[in-house]
Amino acid sequence: MARHNKRIKLHGFNNLTKSLSFNIYDICYASGERHRDEYIAYIDEAYNAARLTQILTDVAQLIGANILDISRQDYDPQGASVTMLISEEPVATERIGYTEGPGPLPETVLAHLDKSHITVHTYPESHPEGGIATFRADIDVSTCGRISPLRALNYLIHSFESDIVIMDYRVRGFTRDIRGKKHFIDHKINSIQDFLSRDTKDKYQMVDVNVYQEYLFHTKMVLKDFDLDNYMFGLGKEDYSAREAGRIAKLLKREMMEIFYGKNMSRAP
């Protein structure tokens, strides 16, 4: 795969499209219908359209994009969406490099960018049997030109309660330099992991599936440490017998592994 250490002198506009897609999952155990309903209500309030709009606004600033338009919606009974259209911000992009390394940390609305966009959709859900409740946020950051969505990685992961994160990054199309040569990528990347902060890498077990020839990069992450109290909603571990707490832990671990591996399992590995 070609490596580009210097800025390419292009003929006209940079026609490369860089797309970063996330699935972020939060998982909990909520005993009984009341606690499940309270969990869904909590998630729906914590990640309503207004909060998601602010997160995406921060993302646009991080990647050096200018917001052109925003559309947002809270849904009944639950969930929210935000979409933004964005464009390059010439002054900001002068400060954005392609160095392979972590982006900044944090300290569904639609916004329209010029040929670029950021979207988020949330999916709180629970099932009456088993007590497991999950929250999923799907986030897409698609840019064209020089700005890169990879700078938003750490901020987004830290902005959500992320037990499992599944990410895809793809560079599509090509652009031409002043000599007419096609360039199918304009920055160095070996793995999405190289753009994550050290504290994130320390917290998660990670697996890569990369197809370098096609400029496709896939990384999925699951938390290494499991503390049952961190997954209980409404009641704590101390409210259950040791046997029941063990049963709940197995349920939660199986749920996490099924999402991580993308298949149903009869038991937790």
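The values are calculated or read from the model by the stated rules, or taken from the named source; none is laboratory data. Since this is a predicted model, take the numbers as computed values, not measurements. In this analysis, Cβ positions are derived from the backbone assuming ideal geometry, glycine residues included, and neighbour counts consider all displayed protein chains. The protein model used for the area step is the full one, side chains on, heavy atoms only, and it has no ligands, DNA or RNA in it. Shrake-Rupley method; radii C 1.70, N 1.55, O 1.52, S 1.80 Å.
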Exercise. Are there any pairs, at least 6 apart or on different chains, whose C-beta atoms fall under 9 Å, with the first in the stretch 128-152 and more than 30 Å from Asp37 (Cβ to Cβ) and the second open to solvent by 30 Å² or more (accessible area, probe 1.4 Å) and among the small types (Gly, Ala, Ser), and if so, which?
Worked result: Val141/Ser21; Ser142/Ser21; Cys144/Gly173
For this session: Give the residues of the stretch 131-160 that are touching a Gly at 6+ places or on another chain (Cβ under 9 Å) and in a helix (DSSP H, G or I), sorted by residue number.
Result: Leu150, Arg151, Ala152, Leu153, Asn154, Tyr155
For this session: Quick one: Lys224 ticks every box in (1) among the basic types (Lys, Arg); (2) in contact with a strand residue (DSSP E or B) (Cβ under 9 Å, 6 or more places away or on another chain); (3) crowded, with 18+ Cβ neighbours inside 10 Å except a single one, so which number is it?
Result: (3)
For this session: From Lys250, Lys263, Lys201, grab the single residue that is part of a loop (DSSP other than H, G, I, E, B), among the charged types (D, E, K, R) and surrounded by fewer than 18 Cβ atoms within 10 Å (Cβ to Cβ).
Result: Lys263
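Can you spot a residue in the stretch 35-45 that is open to solvent by 70 Å² or more (accessible area, probe 1.4 Å) and either of a type in the set (A, V, I, L, M) or more than 30 Å from Leu251 (Cα to Cα) (or both)?
No.
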Problem set entry | Residues satisfying the stated conditions in the stretch 72-97, i.e. modelled with pLDDT under 90, in a strand (DSSP E or B) and of a type outside the set (A, V, I, L, M) | Ser87, Glu88
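What number of residues within the stretch 204-242 are in a helix (DSSP H, G or I) and modelled with pLDDT of 95 or more?
Taking the stretch 204-242 and keeping what is in a helix (DSSP H, G or I), we get 212-214, 228-231, 237-239, 242.
Subsequent filtering for residues that are modelled with pLDDT of 95 or more retains none.
Going through the stretch 204-242 one residue at a time, the tally reaches 0.
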Problem set entry | Search result, residues across the stretch 98-136 that are open to solvent by 10 Å² or more (accessible area, probe 1.4 Å), within 15 Å of the chain's Cα centre (by Cα), under 30 Å from Asn15 (Cβ atoms) and modelled with pLDDT under 90 | Pro102, Gly103, Pro104, His117
Problem set entry | Count - residues of the stretch 137-174 that are open to solvent by 10 Å² or more (accessible area, probe 1.4 Å) and at positive phi | 1
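If we scan the stretch 211-221, do we find a residue that is open to solvent by less than 80 Å² (accessible area, probe 1.4 Å) and either farther than 26 Å from Ile139 by Cβ or acidic (Asp, Glu) (or both)? Spell out how you get there, then give the answer.
From the stretch 211-221, those open to solvent by less than 80 Å² (accessible area, probe 1.4 Å) are 211, 215-221; that's our starting set.
So of that shortlist, the ones also either farther than 26 Å from Ile139 by Cβ or acidic (Asp, Glu) (or both) come out as none.
So far as the stretch 211-221 goes, no, none of its residues is open to solvent by less than 80 Å² (accessible area, probe 1.4 Å) and either farther than 26 Å from Ile139 by Cβ or acidic (Asp, Glu) (or both).
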